[in-house]
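Reading through the C-alpha cells given below for one structure.
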Amino acid sequence: MKRSRLRHLGLAGLLVLGSLSAVGTLPASAADAPAQSPSSSSSSSSVPSAEQPASAGLLEAMQRDFGLTRAKAEERLAAERDATGIEPAARRAAGRTFGGSWFDAGAGRLTVAVTADAAPSTVRAVRATGAQVRTVEHSARELDAAKARVDRLDAPAGVSGWHVDQAANRVVVDVVGSKRADNDVRRFVEQARATGPVTVRTVASAPQTFAAGTVGGDPYYTGNVRCSIGFSVHGGFVTAGHCGRAGASVSGWDRSYIGTFQGSSFPDNDYAWVSVGSGWWTVPVVLGWGTVSDQLVRGSNVAPAGASICRSGSTTHWHCGTVLAHNETVNYSDGSVVHQLTKTSVCAEGGDSGGSFISGDQAQGVTSGGWGNCSSGGETWFQPVNEILNRYGLTLHTA
C-alpha cells in the first residue's frame with residue numbers, strides 16, 4: 001500500500017498488499033465495479049493478540065455461519081488447531097496403511113483412516129497422537145492412484161470435477177444433473193468407474209472462473225479486470241493465475257501502479273505472484289471488511305477436511321464455511337482443467353478471485369473459482385498457498 005495512506009487507515013488499510021480471502025466456483029478473477037478504498041469497510045477493532053486463537057470478529061462470523069455459541073466457536077477453533085497439529089504425526093504412525101484423515105466436527109477430533117491390515121501396534125500408535133481411528137478398505141495411496149487415472153481421461157463439459165473423499169474412502173466424480181444422460185458424460189463415468197473405487201455425485205451447476213472486470217480481500221486491477229489479493233509474501237503477494245499473465249502490470253484500489261506479475265500459471269494450476277514497489281509494501285494481514293476485525297497471518301499449516309475456513313474478497317468480503325475436499329481436479333465451464341484444488345462450502349462471486357482463504361490464523365490458499373453466489377450459496381475451490389510458495393521460492397509474510 002502507499003505510505004501516504006497510513007495516516008488515514010487502520011490495520012485493514014495496511015493490508016493493501018496482503019489481506020484477502022476469497023471463494024468461488026469459477027476461477028474467481030474479477031468483477032466490474034469501481035475501485036474501493038479498504039478504509040471504507042475496515043474494522044476499527046483490534047487484531048487478535050498472539051495468545052488469542054482468533055479475534056472477536058472471527059468468532060462472531062463463525063457463530064453466524066455455523067450457528068454456534070461463542071463458547072462452541074472457541075472450542076471448535078481450538079480443536080481444529082489441535083487436529084491440524086497432530087495430523088502429520090498420525091499420518092506417519094499409520095504408514096502404508098494410511099487411508100486419509102479429516103476433522104470430525106461432531107467429535108471435535110481428527111479422524112485417521114487405516115486399512116484392515118493395520119497391525120494393532122499401528123492402531124495404538126495412531127491413537128497415541130490423539131486421533132480417533134476408522135478402518136477402511138482402500139489406502140490413501142490406492143485412492144490417489146485411482147484419481148490420477150481419472151485425471152488422464154478427457155472430461156466433457158458435463159463433468160465438473162473429481163476428488164478423493166477420504167471419509168467415504170472413494171473417488172467422487174461430480175456430474176451436472178442436467179447433463180447426466182449425455183452420452184459423453186455417461187462414457188466418461190464408465191471409464192472413471194473402471195479406474196478403481198469411484199462413485200458419482202450430482203451437482204447443480206458447472207464451475208466457472210470468476211472473471212470480472214476490479215477489491216485480500218483488497219482489490220487490484222490488471223487492465224479492466226479486478227481480482228483480490230491473496231497473501232503477502234516477502235517482495236509481493238500471491239493470487240490466482242487466471243487474473244493475469246507474467247509481465248502484466250498491476251494497479252491498486254486507487255489505480256496507482258503496484259507492480260508486475262512475476263509468474264503465473266493457468267490452466268493446470270491457478271496461481272501467480274506479483275512483485276510490489278512504488279511506495280507499496282506488504283503486511284501479514286487479511287481484511288475483515290468491517291464484518292470481522294482484520295486477521296493476522298501466522299503460518300500456513302494445512303487445515304484438514306471438515307475444518308472451518310473463511311475467506312476475504314473484494315466483492316463479497318468475508319464469509320465462512322467448511323473444507324470439503326483436498327486435491328480435487330476441477331473442469332471449469334470454459335474447458336480449463338485445474339488440478340490439486342481444495343473444495344469448500346464458502347460462497348464467492350466475480351472479483352473475489354485470488355483472494356485469501358484462512359483457517360484460524362493459518363493461510364490456506366487463494367480463490368480459484370466455484371458455482372453459486374453469496375445469496376443462494378454454492379461451492380468454491382482454492383489453490384493451496386504452500387504449493388505457490390514452493391513453486392516460486394517465496395516466503396509467506398507472517399506476524
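A short reminder: the numbers here are calculations on the coordinates, not readings from a lab. A quick note: this is a predicted structure, and the numbers were derived from the prediction, not measured. Because the Cβ atoms are built from the backbone with ideal geometry, glycine has one as well, and the counts that use them run over all protein chains shown.
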Original post:
So how do 147, 179 line up by other beta-carbon neighbours within 10 Å, fewest first?
Top reply: 179, 147
Original post:
If you place +1 on the Cβ of every Lys and Arg and -1 on the Cβ of every Asp and Glu, how big does the dipole about the Cα centre of the range 135-276 come out, in debye to the nearest 20?
Top reply: 220 debye
**OP:** Return P(r) of the range 324-399 (all Cα-Cα pairs; 10 Å bins starting at 0; whole %; ordered from short to long distances).
**Re:** 18, 51, 26, 5
Subject >> Shape parameters for the range 60-136, alpha-carbon atoms, Rg then Dmax in Å >> reply: 14.1, 44
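I need 65, 254 ordered by Cβ neighbour count within 10 Å, fewest first.
Fewest-to-most ranking of 65, 254: 254, 65.
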Original post:
Out of 295, 264, 307, whose Cα points farthest toward the positive end of the dipole of the range 199-324 (charges: +1 Lys, Arg; -1 Asp, Glu; placed on Cβ)?
Top reply: 307
Subject >> Magnitude of the charge dipole, the range 319-397, Cβ model with Lys/Arg +1 and Asp/Glu -1, debye to 20 >> reply: 140 debye
Subject >> Kirkwood Rh, Cα atoms: Rg over Rh of the range 122-211 >> reply: 1.10
Original post:
So how far, in whole Å, is the C-alpha centre of the range 84-155 from the one of the range 284-322?
Top reply: 27 Å
**OP:** In vacuum, with every alpha carbon of the range 234-349 counted as one equal point scatterer, what does the Debye formula give for log10 I(q)/I(0) at q = 0.14, 0.24 Å⁻¹? Two decimals, please.
**Re:** -0.73, -1.47
Subject >> aspartates and glutamates whose Cα lies under 18 Å from that of residue 179, excluding same-chain neighbours fewer than 8 positions away >> reply: 154, 190, 334
**OP:** Going by C-beta contacts inside 10 Å, put 221, 271, 392, 257 in order with the fewest on the left.
**Re:** 257, 392, 221, 271
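Taking 4 °C and 1.567 mPa s as the conditions, I'd like the Stokes-Einstein D for the range 96-248 in µm²/s, using the Kirkwood hydrodynamic radius from alpha carbon pairs.
D, rounded to a whole number, is 69 µm²/s.
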